[in-house]
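The values are calculated or read from the model by the stated rules, or taken from the named source; none is laboratory data. For clarity, every value in this text was computed on a predicted model and none was experimentally measured. Here the Cβ positions follow ideal geometry from the backbone for every residue, glycine too, while neighbour counts run over all protein chains shown.
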Amino acid sequence: MTELPEGYRVVIFDEVGSTNTLALEMAREGEASGLWVMGRRQLAGKGRQGRAWMSEKGNLYVSLLLRNPAPMSRLGNLPLVVALAVHDAIADVLPPFARAPLEIKWPNDILYDGAKICGILIEGAHQAEGQVVVIGIGINCRHHPEGTPYPAADLAGLGYPVEPDDLLPVLAARMKQRLDAWRDGSFAPLREAWLARARGVGETITVRMPNGTREGVFDGLDADGRLLLRAGGQVEAISAGDVFFGGMGGKAGR
């Protein structure tokens, strides 16, 4: 494995329950910021809203431990910053002619030709020393789940195989670049970069949230990265939800 950027390091396990859970445990034990936790296989992988995550060997399963990555008022930007870094890394391992179908679904799923190839789960905890954030990333290198709410795919199945050990250094380098730019400057240019890679802007979407479902036109992002949904002459800023492309009768995830 190629070296990681300065200030970052990796520990690798053949099997783990969940890389996020393990990274949070290591944070409680005093582990410093900048640690990547990698599992060849996860026995209890998890996605958003408590969903199970398929975790067979051959895919990349990693979590990045960060301490006090930014002021609390800016942490809402983090899912979009991370999505940019992951998009960058996957684009780097694709041939140039194959990069156009690679897109981001709000806030941070990575799609290839409309099919999900990466999921991201960000979790946090507060300690006496400050805020701990763990960024969990699962990239479908060799396998993808079936029967999911959204179509899914993997890089090998698309004709672009890459080994997890080769992908991690690329991801770590891209993550450092995007995190440094976010910490040291305005979110505005990162927001514009995210929108340039986004799927569905200007189109009708459905957003499912714990308190109900909304349908409208994806009108971009506000200054904090919240999804702007235009319906009936009103624009609503949404902080969290599952996005489906098309109206209520449309095909999920397309």
key: Residue satisfying condition, being more than 20 Å from residue 76 (Cβ to Cβ) and of a type outside the set (A, V, I, L, M, F, W, C), within set 220, 147   = 147
ask   = residue 151 passes all but one of (1) surrounded by fewer than 16 Cβ atoms within 10 Å (Cβ to Cβ); (2) farther than 30 Å from residue 30 by Cα; (3) out of contact with any helix residue (DSSP H, G or I) (no Cβ under 8 Å at 6 or more places or on another chain); (4) not aliphatic (A, V, I, L, M); which number fails?
value = (1)
query = Looking at (1) free of Cβ contacts under 8 Å to residues at least 60 places away in the same chain; (2) part of a strand (DSSP E or B), can you tell me which one residue 243 breaks?
reply = (1)
task = Considering every residue within the range 216-227, establish whether at least one is more than 20 Å from the chain's Cα centre (by Cα) and of a type outside the set (Asp, Glu).
result = yes
remark   = For residue 60, the lone unmet condition from (1) assigned to a loop (DSSP other than H, G, I, E, B); (2) under 15 Å from the mean Cα position of the chain (by Cα) is (1)
request  = For the range 93-104, indicate whether the set of residues that are within 17 Å of residue 173 (Cα to Cα) and not aromatic (Phe, Trp, Tyr) is non-empty.
outcome  = yes
task = Consider residue 68 carefully, then state whether it is under 26 Å from residue 240 (Cα atoms) and either surrounded by fewer than 19 Cβ atoms within 10 Å (Cβ to Cβ) or out of contact with any helix residue (DSSP H, G or I) (no Cβ under 6 Å at 6 or more places or on another chain) (or both).
result = yes
key: Hits in the range 59-80 - residues which are in contact (Cβ under 8 Å) with a residue 60 or more places away in the chain and of a type in the set (Ser, Thr, Tyr)   = 61, 63
message = Just to be sure I understand the filter: pairs with C-beta atoms under 9 Å, separated by 6 or more residues or on different chains, first member in the range 193-204 and without any contact (Cβ under 8 Å) to a residue 60 or more places away in the chain, second member of a type in the set (D, E, K, R). Which pairs pass?
response = 201/219; 202/219; 204/215
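Among the candidates 79, 71, 101, single out the residue that is modelled with pLDDT of 90 or more, of a type outside the set (Gly, Ala, Ser), in the same structural domain as residue 13 (by TED's automatic domain parsing) and out of contact with any Asp or Glu (no Cβ under 7 Å at 6 or more places or on another chain).
Numbers: 71 fails: modelled with pLDDT of 90 or more; 101 fails: out of contact with any Asp or Glu (no Cβ under 7 Å at 6 or more places or on another chain).
Only one candidate qualifies: 79.
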note = Among strands (runs of 3 or more DSSP E) entirely inside the range 86-185, those with 3 or more residues being touching a residue at least 60 places away in the same chain (Cβ under 8 Å) and over 16 Å from the mean Cα position of the chain (by Cα) are 130-139
inquiry  = Quick check on residue 191: is it in the same structural domain as residue 137 (by TED's automatic domain parsing), touching a strand residue (DSSP E or B) at 6+ places or on another chain (Cβ under 9 Å), basic (Lys, Arg) and crowded, with 18+ Cβ neighbours inside 10 Å?
reply    = yes
ask   = Among 180, 113, 224, 109, which is the only one that is surrounded by fewer than 17 Cβ atoms within 10 Å (Cβ to Cβ) and closer than 18 Å to residue 64 by Cβ?
value = 180
request  = Residues being surrounded by 24 or more Cβ atoms within 10 Å (Cβ to Cβ) and of a type outside the set (Val, Ile, Thr): count how many of those fall in the range 119-137.
outcome  = 2
